[in-house]
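Asks: Handing you a structure now.
What follows is calculated from the coordinates using simple rules that are stated; it is not laboratory data. It should be emphasised that the depicted structure is a prediction, and the values quoted were computed from it without experimental measurement. Here the Cβ positions follow ideal geometry from the backbone for every residue, glycine too, while neighbour counts run over all protein chains shown.
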Amino acid sequence: MATAYDALVSHHREVFLLGSTSALLGWDQETYMPTGAGEVRAEQLALLARLQHERATDPRIGDWLDDCEAGAERASHGEDDAAERAAIVRELRRDFDRATKLPPALVGELAEVESRAQQAWAGARTDSDFAGFAPWLERMVGLQQQKADCLAETGASRWDALADCYEPGMRAADLERVFSPLRERLVALRERLAGGRAPNHAFVRAKFPIPAQERFVNAVVRAMGFDFERGRIDRSTHPFCTGTGADVRLTTRFHEDNVVDALGSTMHEGGHGLYEQGLPVARLGTPLGEAVSLGIHESQSRLFENHVGRSRAFWEWVWPQAREQLGAGADGFAAAQAFRDANLVQPSLIRVEADEATYDLHVMVRFEIERELIAGDLPVADLPARWNGLYRDYLGVEVPDDRRGCLQDVHWSCGLFGYFPTYTLGNLYAAQFAAAADRALGGLDRLIGRGDFAPLVDWLRDNVHRHGRRYSPAELCQRATGAPLSSEPFFTYLEAKLTDAYEL
Ligand code: ZN
């Protein structure tokens, strides 16, 4: 007779199959779908989303979880097995509670306001018309406060409750402790670099044929260890990674005059892809076969994009291949130029175009503001002034209009509050993992300098990928690196690299 545990696991496997089917259709929509198929595709995706939601909130799950938690079935299993089962039950309980705690009326209203606010935002951004978006943002903040009240656990703020959806266990107070000192050091570093020798970007701006760029970046991702038998790379307007285990789809983009962007985007998505390919295939369809959080996922992409792809050792290794693949256009450049160009620091207005040294300052502006909005301390009408003031303080730039200011990101219009800090967490975790791997492997640069990525990937598989959601992000970080989350490894790495690139 099937036990409650078996029923729970096979039920969840179907939720996973539905979810991964929608992801595949979503990938197709962004890559190969003929334009005329848009309407039927929306219907297909809506049906799958409905089926998935119905299954994920099936009341029988609550009964099965109760039975499992009563512990009646534990006795017959070995210790490892019991720990694994306990982790699966714990995480499925978390998912079930999150999916069922919100009243259906609120879920419906959120979905409707998300869709309409996003449209209002798109128009307001084009016209730089904050007043046109403000009523929608006000409504959205109100709904997010209600959502937070349904989800909040004791001791957690409303913002904490929202952020927990993306980074389990993340609290604003913990982040503040890590972010505040980092912010001061990043601001000081930005000022210091202004006195160095800035890269001239001649290599970044050089033109290379797109097929040549494509061969070049694909060869790099192959060398990183991305398995083309269990994944592929295509093109889309905005690069992304989707799929899991045996079928991981990456996309990237090319511009004739920016091979560094193509390489960075592809290595970034390749890092996400390695994580997905490293999750235990035998556990797919259970939480142990799923990524643990957005912050940890982002750490895998940033590690390859930045720690590997913007390092001097990497450019020295890759340069002969780059010259061969990119052709005559690469003559007259050298590895050192490419390394320096890949590390230009230039405080700017737009987050998605920001460099490594100022990116997190953009995130911190949003972290401040969204906490104030959700806590009710900042009236929506005062948002632009608050935004512009923080940009002046953190980045030293004047915001000329709201289009390039507080209207630039889609996130708040579609209800993503508590999401932004996961980008910075990705950078911090990446640096912490890179430093731990560096110690364990006797020098990462030595390996990168000869294109030997297997030891690094094995270290990540062993310490991060194979665990899925077995540990919380904070526990995973502690186990893998021997220390809790800290900004120290990130800043140390960044300062060393940039003072080298800027010849300070
Ligand atoms: Zn990413």
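Asks: For labels at Glu353 and Ala336 in the simple 7 Å Cα→Cβ model, what's the distance in nm?
Replies: It is 3.0 nm.
Asks: For Arg235 and Ala474, FRET efficiency with R0 = 45 Å and r from the beta-carbon atoms, rounded to 0.05?
Replies: 0.75
Asks: To continue, here is another question. What does the highest-first list of 20-29, 84-93 look like by mean Cβ count within 10 Å?
Replies: 84-93, 20-29
Asks: Using 0.36 nm per residue of separation minus the Cα-Cα distance, give me the extension gain between Val410 and Ala173 in nm, one decimal.
Replies: Extra length from Val410 to Ala173 when fully extended: 82.8 nm.
Asks: Tell me, in nm to one decimal, what length is gained between Ala86 and Gln346 on full extension, where the rule is 0.36 nm per residue of separation less the Cα-Cα distance?
Replies: 88.8 nm
Asks: While we're looking at this one, here's another question. At 0.36 nm per residue, minus the direct Cα-Cα distance, what do Ala70 and Cys150 gain on full extension? Give it in nm, one decimal, please.
Replies: Result: 26.2 nm gained on full extension.
Asks: Restricting to the range 172-501, what percent of DSSP beta bridges are antiparallel, rounded to 5?
Replies: Here the antiparallel bridges make up roughly 45 percent for the range 172-501.
Asks: Let me understand the range 2-151 better: what is its radius of gyration from the alpha carbons, and its Dmax, in angstrom?
Replies: 20.3, 65
Asks: At q = 0.11 Å⁻¹, what log₁₀ I(q)/I(0) does a Debye calculation on the Cα points of the range 243-345 give, no solvent, two decimals?
Replies: With one equal scatterer per Cα and no solvent, log10 I(q)/I(0) is -0.42.
Asks: Evaluate 2.2 N^0.38 Å with N set to the residue count of the range 111-163, then give the Cα radius of gyration divided by it.
Replies: Normalised Cα radius of gyration, the range 111-163: 1.35.
Asks: With a Cα-only, solvent-free Debye model of the range 1-88, what are the log10 I(q)/I(0) values at q = 0.11, 0.13, 0.24 Å⁻¹?
Replies: The computed values of log10 I(q)/I(0) come out as -0.46, -0.58, -1.13.
Asks: Same structure again: Report the label-to-label distance for Lys101 and Ser157 in nanometres (one decimal), using points 7 Å from each Cα along the Cα→Cβ vector.
Replies: Simple spin-label model gives 1.7 nm for this pair.
Asks: What's the FRET efficiency of Ala219 with Thr35 using the Cβ-Cβ distance as r and R₀ = 41 Å, to the nearest 0.05?
Replies: Calculated transfer efficiency: 0.80.
Asks: Now for a separate question. Kindly rank 474-482, 218-226 from highest to lowest mean number of other beta carbons found within 10 Å of each residue.
Replies: The packing order, highest mean first, is 218-226, 474-482.
Asks: Right, another one. Can you tell me which of 148-157, 331-340 comes out highest on packing, and rank the rest after it, using the mean Cβ neighbours within 10 Å?
Replies: 331-340, 148-157
Asks: Moving to a separate point now. Averaged over all directions, how much area does the convex hull of the C-alpha atoms of the range 419-466 cover when projected, in nm²?
Replies: 3.7
Asks: Roughly what % of Cα-Cα distances in the chain sit above 38 Å, to the whole percent?
Replies: Counting every Cα pair in the chain, those more than 38 Å apart make up 28 percent.
Asks: Can I ask one more? Would you mind telling me the antiparallel percentage of the DSSP bridges in the range 212-321, rounded to 5?
Replies: Bridges in the range 212-321 that DSSP calls antiparallel: roughly 45 percent.
Asks: Which whole-angstrom value gives the distance between the alpha carbon centres of the range 173-196 and the range 484-504?
Replies: Cα centroid of the range 173-196 versus Cα centroid of the range 484-504: 11 Å apart.
Asks: When the helices in the chain are scored as -39500 (n - 2.57) per DSSP H run of 4 or longer and the sum is shared across all residues, what 222 nm value do you end up with, to the nearest 500 deg cm²/dmol?
Replies: -20500 deg cm²/dmol
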